[in-house]
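I have placed the structure first, in the form of structure tokens, so that the comments after it can refer back to it.
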Amino acid sequence: MSRRVFMAMSGGVDSSVAALRLVEEGYDVTGVTLRLFDNEDIGDKSSTCCSIADVQDARAVCMRLGIDHIVLNFGDLFRQTTIRRFISGYQTGQTPNPCIDCNRFIKFDALLKRAQLLGFDAIATGHYADVSFDEVSGRYLLKRPRDRDKDQTYVLYMLTQEQLAHTLFPLGTLDKPQVRDIAQKHGFVNAEKPDSQDICFAPDGDYAAFIERQTGKPSPEGDFIDTLGRVLGRHRGLIRYTIGQRRGLGLPSAGRLYVLSKDAAKNTVTVGEKDALYASRLIVRDVNLISIGSLAGPHRAEVKIRYRHPAQPATLTPLEDGAVQIDFDEPQRGAAAGQAVVFYNADSVLGGGTISQE
RNA sequence: UGGGGUGUAGCCAAGUUGGUAAGGCACAGGACUUUGACUCCUGCAUUCGCUGGUUCGAGUCCAGCCAUCCCAG
């Protein structure tokens, strides 16, 4: 049984209430706030994770709870993993998900290792998810939380058995309204703080500008073309577009136009009508399995191709090189290479992977 | 230069027997959201190529002019 816990605290309500629950359950808790980047880069005044104000909020909650609070600077690692992959992903025409990389390389890897190095038994985060051990299979399961509306298992599909064995999600049995209510009753400074949104290191939502600032060079303009190859206009740089995008194209037309595909080699963006965005088959690579050790033969599951959408029934078929082929019962809209795909079996996460570029 | 067509917001485009400017795209703002998107909501022509005229009243009728397109040449 875990006793000493490293509680990852962003300064928001969720992780604050999660810390409270651990304390109430008798764990020996130390609050940890991560510094992942300097706000100088992003000219940010609003509050997101990692700002000085957030560190102060986390500290204030820890003081109220009477627990220790430390700040760890993982800025270099964050830059080398999450941000680097984010930038290269966009540059090669993909649509990366930095939150998942951050979980994968920072919170559940570097942070957990640091915790263990310091003699802690486990880490905990404020994610809405649940972990349980299945006696039958002998495996740790990642399960959907009670609050289905806030289900964050999608961004946790890459957790390994080892990581799950040392991770606690105290909010798995709470609803978001309850969390705010608890924060209120305990006088937490962040009880009314808005839910986080957008990419944390691009708080103004302009991730393309962030990439150009980081790389020091603008994404070159190119042609918008239709499915027949006819030039429709000029685009403002490949990184500003993603599959399924409608707004920001600036192209007049009879109906709504969506980005259908991007060609990094030719520097073109193909646009067309909504119907062309639907596809039934996906190839997923970099697969991680949770509830089962391996995938043998076709397997039915419910599959999500983005954070906020209901899982859809599909058949998973293992391919020889470790990749998995997904065949949805119904065509799905706007799957983008680089995005995460997560497989579910009822309330349990079967596994997941990354949509491959074909 | 003859003959025909067209000129309504950034683009496309409705505008009836003249009655006081649809809609779509784009754009802007907001909602939603621990990724990118999608979606949804709101806003967006005191004005109809220009100048006169007829009317209580004209984008809608008349005249002239300008612009542009097509066919002749």
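The values are calculated or read from the model by the stated rules, or taken from the named source; none is laboratory data. Keep in mind it's a predicted model, so treat the numbers as computed, not measured. Counting neighbours? That spans all protein chains shown, and the Cβs are built from the backbone with ideal geometry, glycine included. In case anyone asks, the SASA skips ligands and DNA or RNA and just uses the protein heavy atoms, side chains included. Shrake-Rupley method; radii C 1.70, N 1.55, O 1.52, S 1.80 Å.
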TODO: Within segment A:183-224, track down each residue that is over 15 Å from A:Ala18 (Cα atoms), out of contact with any helix residue (DSSP H, G or I) (no Cβ under 7 Å at 6 or more places or on another chain) and more than 12 Å from RNA strand B (Cβ to nearest atom).
DONE: A:Glu192, A:Glu212, A:Arg213, A:Gly216, A:Lys217, A:Pro220, A:Glu221, A:Asp223
- [ ] Inspect all residues belonging to segment A:65-76 and state whether any of them is small (Gly, Ala, Ser) and either open to solvent by less than 40 Å² (accessible area, probe 1.4 Å) or modelled with pLDDT of 95 or more (or both).
- [x] yes
Task: Matching residues in segment A:213-252 - criterion: being open to solvent by 60 Å² or more (accessible area, probe 1.4 Å) and hydroxyl-bearing (Ser, Thr, Tyr) - done: A:Thr227
TODO: Give segment A:130-179 a look and list any residue that's under 17 Å from the mean Cα position of the chain (by Cα), surrounded by fewer than 17 Cβ atoms within 10 Å (Cβ to Cβ) and not charged (D, E, K, R), or say none.
DONE: A:Thr160
Task: Residue that is farthest from A:Ala124 (Cα to Cα), among those in segment A:1-40 that are more than 16 Å from RNA strand B (Cβ to nearest atom) and open to solvent by less than 20 Å² (accessible area, probe 1.4 Å) - done: A:Leu20
Open item on the list: Checking the structure you have, find out if any residue of segment A:335-351 is of a type in the set (Gly, Ala, Ser), surrounded by fewer than 16 Cβ atoms within 10 Å (Cβ to Cβ) and under 25 Å from A:Leu141 (Cα atoms).
Closed with: yes
TODO: Only residues that are open to solvent by 40 Å² or more (accessible area, probe 1.4 Å) and either over 27 Å from A:Arg148 (Cα atoms) or touching a Leu at 6+ places or on another chain (Cβ under 9 Å) (or both): list them for segment A:183-206, please.
DONE: A:His186, A:Asp204, A:Asp206
Open item on the list: Among the numbered criteria (1) within 14 Å of RNA strand B (Cβ to nearest atom); (2) closer than 29 Å to A:Thr81 by Cα; (3) in contact (Cβ under 8 Å) with a residue 24 or more places away in the chain, which one does A:Arg180 miss?
Closed with: (2)
Task: Qualifying positions in segment A:128-144 - touching a residue at least 60 places away in the same chain (Cβ under 8 Å) and either of a type outside the set (Gly, Ala, Ser) or within 13 Å of RNA strand B (Cβ to nearest atom) (or both) - done: A:Tyr128, A:Asp134, A:Arg139, A:Tyr140, A:Leu141, A:Leu142, A:Lys143, A:Arg144
Task: Filter result for the condition that a residue is open to solvent by less than 40 Å² (accessible area, probe 1.4 Å) and touching a Phe, Trp or Tyr at 6+ places or on another chain (Cβ under 6 Å), over A:Ala58, A:Ala122, A:Ala115 - done: A:Ala115
Task: Hits in segment A:257-316 (condition: without any contact (Cβ under 8 Å) to a residue 40 or more places away in the chain, over 24 Å from A:Thr227 (Cα atoms) and either of a type in the set (Asp, Glu) or surrounded by fewer than 16 Cβ atoms within 10 Å (Cβ to Cβ) (or both)) - done: A:Ser294, A:Ala296, A:Gly297, A:Pro298, A:Arg300, A:Arg308, A:His309, A:Pro310, A:Pro313, A:Thr315
- [ ] Scan segment A:8-31 and report the pairs whose first residue is at pLDDT below 95 and assigned to a loop (DSSP other than H, G, I, E, B) and whose second residue is within 12 Å of RNA strand B (Cβ to nearest atom) and open to solvent by 50 Å² or more (accessible area, probe 1.4 Å), with Cβ atoms within less than 8 Å and a gap of 6+ or a chain change.
- [x] A:Ser10/A:Ser196; A:Gly12/A:Asp195; A:Gly12/A:Ser196
